[in-house]
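Participant: This is the structure I have questions about; it appears just below.
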Amino acid sequence: MPLTRSRTPKFCCRVSPSRRLFTSCQTLAFLFSLTIAAMPSNAEVRVLRGFTLIDGTGAAAVPNSAMIVDGGRISWVGSVSGLKVPAGAEVVDLAGRFVMPGMIDLHGHIGITSGMTLDTKSYSRETVEHDLKMYASYGVTTMLSLGLDKDPIFEIRDQQRTSRPAMARVYTAGQGFVYKDGIGGGISFPGIPSAIFSTVADVEPAVAEQARKHVDFIKFWTDDNMGKAKRMPLDICKAIIDSAHKHGIRVIAHVFYLEDAKRLADYGIDGLAHIVRDQPVDQELIASMKRHQTWQIASTLSRELSLFVFAKTPEFLSDPFFMRSVSGDTIKTLSSPEYQAKTAADPNLEKYRQTLATGKKNLKALADGGVRYGMGTDTGVPGRFQGYFDHLELQEMVEAGLTPMQVIVAATKSGAEFLKAPDLGTLRKGKWADLIVLTKNPLDDIRNTQTIQSVYVAGNPIYTKGTSK
Ligand SMILES: [Zn+2]
């Protein structure tokens, strides 16, 4: 297949003619090692060439592009005609391919699900890294874990930030906050050590504890699970936002209702982790979000889909792109009449279809209204599959009325901007080479993001189709 690799000679050019007389295997090996020592950076240089570049900025795609990656970062990007291949560089020929930035999922969960079972007890470095590799293998090279983490996350994150990870980069909201009669955190996911609030007085110590752990964000839930629980009182929500901001930490909330979204935006919340789903958004919300620079960080449309799609056998159950990461047992469960009957028996099934439709309209309205938005899925809990559902999310966003380019920018550049991660999100000089190689153009059809040939994180190929990597 067209993925060909070649190496420019590492040492021949460095061997003077007189010394050629003395070449033997040993001498060559010695010279080779000297050359490596003399050119440490070139040992790390990789050139990708011949592809169409979609750089994540929203700029038009550029055919016949090339890129030099040095030490994991992009040191040059431009036209093949201007490429000067550095000596010693590995050259990867990507003629006919499309290269876009790795995606950023601003709402995921990690380490708590095994197959179709919630398993918060097993949370560990192993389960977290397993899931971060899963995301990365689907082209999600950065994710924000929203509020269901245990403390091993902080060491994993900190190690990543001083190295070149071979998995998705992780940002974390640590342990999110819930209301005693509400949903989310340790109430909905037993075993997760969330702070559970009864009054405003509970807020400050809990925020201070998360601040001591250096969380990237504070997360809280306010929702009533379709009337079955109580929303967090607004005075507690406001106290969380004010306290976190005093600690210099931005705040993200799980919301469902328009009314809550409006009040939280008025209080200066930084991000909404789900789209409003009870009714159409209005100008008042849009104006408040813009005034307070509140982001719609995630629409989680694929989450709404997941609530009813398994009432029948969805088409994707036989999609090799789905099946490559899902166990036979999980497919069997999802295909079983018992499981499908149980899903279909949910009295809110029809409501979930409506909430998806409302969510789509609201995403389009917010985008048209000028609210900043990213891409997020709420994957990583049973039935919401990390990686695969990210691609479904892109498709739902396009069905909502966004263009493939808008969706790609949301999932790349915008995600990095929300995270304040200037080295991520676009394929420009100086950025980390976190990227996806596709065989078909995602601007022609967003479903082409599924044609992944390989994924790179920090310049290293961490997934290649058809290999175990
Ligand atoms: Zn979530």
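Only the coordinates and a few stated rules stand behind these numbers; no lab work does. Every value quoted in this text rests on a predicted model; they were computed, and no experiment measured them. All Cβ positions, glycine included, derive from the backbone under ideal geometry; neighbour counts span all protein chains shown.
Participant: Do you know the relative contact order of region 92-169, to the nearest whole percent, from alpha carbon pairs under 8 angstrom that are 6+ apart?
Facilitator: Working: 92 pairs, mean separation 28.0, N = 78.
RCO, region 92-169: 36 percent.
Participant: Dividing the alpha-carbon Rg of region 332-469 by 2.2 N^0.38 Å yields what?
Facilitator: Values: Rg = 17.5 Å, N = 138, 2.2 N^0.38 = 14.3 Å.
Expressed relative to 2.2 N^0.38 Å, the Cα Rg reads 1.22.
Participant: Continuing with this model, one more query. Using θ = phi - 60° and the Karplus form 6.51 cos²θ - 1.76 cosθ + 1.60, what ³J(HN,Hα) does each residue of region 309-325 get, whole Hz, x for Gly and Pro?
Facilitator: Going residue by residue, I get 5, 8, 6, 10, 7, x, 4, 5, 4, 9, 7, x, 5, 7, 5, 5, 10 Hz, with x marking Gly and Pro.
Participant: Hey, what angle do you get for helix 258-267 against the long axis of the chain, alpha-carbon based, 0 to 90 degrees rounded to 10?
Facilitator: Orientation of helix 258-267: about 70 degrees from the principal axis.
Participant: Angle, helix 125-137 long axis vs. longest principal axis of the chain, Cα atoms, 0 to 90°, nearest 10?
Facilitator: Once rounded, the angle reads 70 degrees.
Participant: What dipole magnitude, in Debye to the nearest 20, does region 363-458 give about its Cα centre under +1 on Lys/Arg Cβ and -1 on Asp/Glu Cβ?
Facilitator: Details: 10 positive and 11 negative charges, 70 e Å.
For region 363-458, the charge dipole is close to 340 debye.
Participant: Still on this structure, please answer the following. Taking every eigenvalue of the Cα gyration tensor of region 237-278, multiplying by 5 and rooting it, what semi-axes result, largest first, whole Å? Don't skip to the end; give the middle numbers.
Facilitator: Values: eigenvalues 74, 18, 8 Å².
One finds semi-axes of 19, 10, 6 Å for region 237-278.
Participant: Moving to a separate point now. For region 301-372, what are the per-bin percents of Cα-Cα distances with bins 10 Å wide, up to the bin holding the maximum?
Facilitator: All Cα pairs, binned at 10 Å, distribute as 18, 38, 28, 14, 2 percent.
Participant: Another question about this same structure. Which of VAL77, ASN362, LEU305 sits farthest toward the positive end of the charge dipole of the chain, with +1 on the Cβ of Lys and Arg and -1 on the Cβ of Asp and Glu?
Facilitator: Looking along the dipole axis, the top candidate is VAL77.
Participant: Beyond 30 Å between alpha-carbons counts as too far, so tell me which of LYS361/LYS413; LYS180/LYS413; LYS238/LYS429; LYS238/LYS431; LYS342/LYS440; LYS133/LYS262 fall in that bin.
Facilitator: Values: LYS361/LYS413 23 Å; LYS180/LYS413 37 Å; LYS238/LYS429 41 Å; LYS238/LYS431 37 Å; LYS342/LYS440 38 Å; LYS133/LYS262 37 Å.
Beyond 30 Å between Cα atoms: LYS180/LYS413; LYS238/LYS429; LYS238/LYS431; LYS342/LYS440; LYS133/LYS262.
Participant: Would you pull out the residues with amide H under 5 Å of ASP119's amide H, same chain only if 5 or more places away, H placed 1.01 Å from N?
Facilitator: For ASP119, the qualifying residues are THR113, SER114.
Participant: What share of the DSSP beta bridges in region 142-247 is antiparallel, in percent to the nearest 5?
Facilitator: Numbers: 1 of 9 bridges.
If we restrict to bridges inside region 142-247, about 10 percent are antiparallel.
Participant: Which order, highest average first, do 266-279, 286-299 follow once you tally other Cβ atoms within 10 Å for each residue and take the mean per peptide? Please report the intermediate quantities before stating the final value.
Facilitator: Details: 266-279: 23.2, 286-299: 21.6.
Listed from highest to lowest mean packing, they are 266-279, 286-299.
Participant: Need one number for the chain: average projected area of the convex hull over its C-alpha atoms, nm². Please report the intermediate quantities before stating the final value.
Facilitator: Numbers: hull surface 95.6 nm².
Computed as one quarter of the Cα hull surface, the answer is 23.9 nm².
Participant: With both partners inside the chain, how many of the DSSP beta bridges are antiparallel, as a percent to the nearest 5?
Facilitator: Values: 33 of 62 bridges.
So the antiparallel bridges amount to about 55 percent of the total.
Participant: Which of the peptides 168-176, 205-213 is most tightly packed, and how do the rest follow, going by the mean number of other Cβ atoms within 10 Å of each residue?
Facilitator: Values: 168-176: 26.6, 205-213: 15.9.
Ranking the peptides 168-176, 205-213 by packing returns 168-176, 205-213.
Participant: Relative to the longest principal axis of the chain, what angle (0 to 90°, nearest 10) does the C-alpha long axis of helix 25-38 take?
Facilitator: Value to nearest ten degrees: 50.
Participant: Of MET67, MET226, CYS237, which is farthest towards the positive pole of the chain's charge dipole, taken about the Cα centre with +1 and -1 on the beta-carbons of Lys, Arg and Asp, Glu respectively?
Facilitator: Selected residue: MET67.
Participant: Mind listing the long-range amide H neighbours of THR172? Cut-off is under 5 Å, sequence gap 5 or more, other chains count too, H placed in the peptide plane at 1.01 Å from N.
Facilitator: Hits under the 5 Å cutoff: SER145, ASP216, PHE217.
Participant: In deg cm²/dmol and to the nearest 500, what is the mean residue ellipticity at 222 nm of the chain if only DSSP H runs of at least 4 residues count, each as -39500 (n - 2.57), divided by the residue total?
Facilitator: Numbers: 17 runs with 156 residues, N = 469.
Helix-only estimate at 222 nm: -9500 deg cm²/dmol.
Participant: Show me the ranking of peptides 344-356, 109-121, 178-190 by mean Cβ neighbours inside 10 Å, starting with the highest. The partial results should precede the final answer.
Facilitator: Working: 344-356: 14.8, 109-121: 17.7, 178-190: 20.2.
By packing density, highest mean first, the sequence is 178-190, 109-121, 344-356.
Participant: Using modelled backbone amide H atoms (1.01 Å from N, in-plane), which distant-in-sequence or interchain residues come within less than 5 Å of ALA195's amide H?
Facilitator: VAL178
Participant: Let me know the charge dipole size of the chain about its Cα centre in debye, to the nearest 20, where only the beta-carbon of Lys, Arg (+1) and Asp, Glu (-1) is charged. Could you put the intermediate results ahead of the total?
Facilitator: On the way: 55 positive and 48 negative charges, 374 e Å.
For this selection, approximately 1800 debye.
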